[in-house]
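The values are calculated or read from the model by the stated rules, or taken from the named source; none is laboratory data. Just so you know, these numbers come straight off a predicted model, no measurement behind them. Cβ placement follows ideal geometry from the backbone for every residue including glycine, while neighbour counts extend to all protein chains displayed. Remember, those area values only see protein heavy atoms, side chains included, never the ligands or the DNA or RNA. Shrake-Rupley method; radii C 1.70, N 1.55, O 1.52, S 1.80 Å.
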Amino acid sequence: MSNTSFASRKSWSDRIFDIFVYVIISFVVIVTTYPFLNVLAISFNDSIDSVRGGITIFPREFTLDNYIKIFTFSGLITGFKISALRTIIGTILGLISASMLAFAISRVEFQARKWISTFLALTMYISGGLIPTYILMRDLGLMNSFAVYVLPGVVSAFNVFVVRSFIDSIPYALQESAKLDGANDFTIYWRIILPLAKPALATIALFLAVGQWNAWFDTYLYNGSNEALTTLQYELMKVLQSTTSGNGGDYRSNIPSNATNQVSPESIKMAITIVVTVPILIVYPFLQKYFVKGMTLGAVKS
């Protein structure tokens, strides 16, 4: 009897186990996707009809009015631009700094590599706290500026260790061969290390992008009074806050008077939630193929 036919024959216990696994996985998929589909359905549903409730994963009265109305808010357009800009710049700077520092401390001839690694590790467990950080940002002149979004998070110890561990898994003979061919350290970093470290770089790029895109607390602390530097998540927070408090806040005042009776805080909240979620959902599939490999090979080693 061939191995293929033997493998295709399963006992009843194996089949029952497979069914049990499929049921559990299906349940998890439903539980995790239903809230998003429900929010999506409400965002595309007529505001007045949404007040009745009972909407599941399909809109009862389809309309695009909710999305048209939220883009009449000047704060959302500005917030979308600033959030996109800080995500792009913050991710690029984070990748460059993490990869360069990781490459430096991965070199065996670098004598201070243990001291720098120890110092970076300490920053993962010791923090100055909120008030000292606020005072530091103020003394550095970063208040009411775009730089406060990207400069404080340029270097992340966790990201450095992920990339360094991945670099350590690359045969050092490649760097030695490049040196024999006359390549300097920057050439080795740019032409050998970066191309081979794509899985690790894609992994931390996803971490950096999601962190920058979802950030709002730094806007609240440092740029809360500067409407030109507001972020999309901060605007969403204000919508959620006004909805929870039971009043429409500034958002209903931004809607034309003839349309006020056609909008509800709930529908606006759902539409904005979809707007801030979709960009990350679009980016994730392009990085997913590197994600598992990057986390496996670039995991922090003891």
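Observations
- The residue list Val148, Val160 contains one member that is at pLDDT 90 or above, under 20 Å from Ala215 (Cα atoms) and open to solvent by less than 80 Å² (accessible area, probe 1.4 Å), which is Val148.
- Pair list, Cβ under 6 Å, 6 or more apart: region 193-211 residue under 10 Å from Leu287 (Cα atoms), other residue open to solvent by 20 Å² or more (accessible area, probe 1.4 Å) and among the basic types (Lys, Arg): Pro199/Lys293
- Residue within region 172-179 that is free of Cβ contacts under 8 Å to residues at least 24 places away in the same chain and surrounded by 14 or more Cβ atoms within 10 Å (Cβ to Cβ) present: yes
- Qualifying position, being within 23 Å of Ile131 (Cα to Cα), open to solvent by 10 Å² or more (accessible area, probe 1.4 Å) and part of a helix (DSSP H, G or I), among Leu201, Leu221: Leu221
- Matching residues in region 65-80 - criterion: being touching a residue at least 60 places away in the same chain (Cβ under 8 Å) and either open to solvent by less than 10 Å² (accessible area, probe 1.4 Å) or not charged (D, E, K, R) (or both): Asn66, Tyr67, Ile70, Thr72, Phe73, Ser74, Gly75, Leu76, Thr78, Gly79, Phe80
- The residues of region 23-46 that are closer than 15 Å to Ile274 by Cβ, surrounded by 11 or more Cβ atoms within 10 Å (Cβ to Cβ) and not aromatic (Phe, Trp, Tyr), listed by number, are Thr33, Leu37, Asn38, Val39, Leu40, Ala41, Ile42, Ser43, Asn45.
- In region 105-121, the residues that are open to solvent by 100 Å² or more (accessible area, probe 1.4 Å) and under 27 Å from the mean Cα position of the chain (by Cα): Phe119
- Residue count for region 122-140, restricted to those that are open to solvent by 80 Å² or more (accessible area, probe 1.4 Å), in contact (Cβ under 8 Å) with a residue 24 or more places away in the chain and of a type in the set (Ser, Thr, Tyr): 1
- Taking the criterion of being of a type in the set (A, V, I, L, M) and open to solvent by 90 Å² or more (accessible area, probe 1.4 Å), the residues of region 10-22 that qualify are Ile16, Ile19.
- Long-range neighbours under 6 Å by Cβ, at least six apart or interchain, first residue at pLDDT 95 or above within region 94-121, second open to solvent by 40 Å² or more (accessible area, probe 1.4 Å) and in a loop (DSSP other than H, G, I, E, B): none
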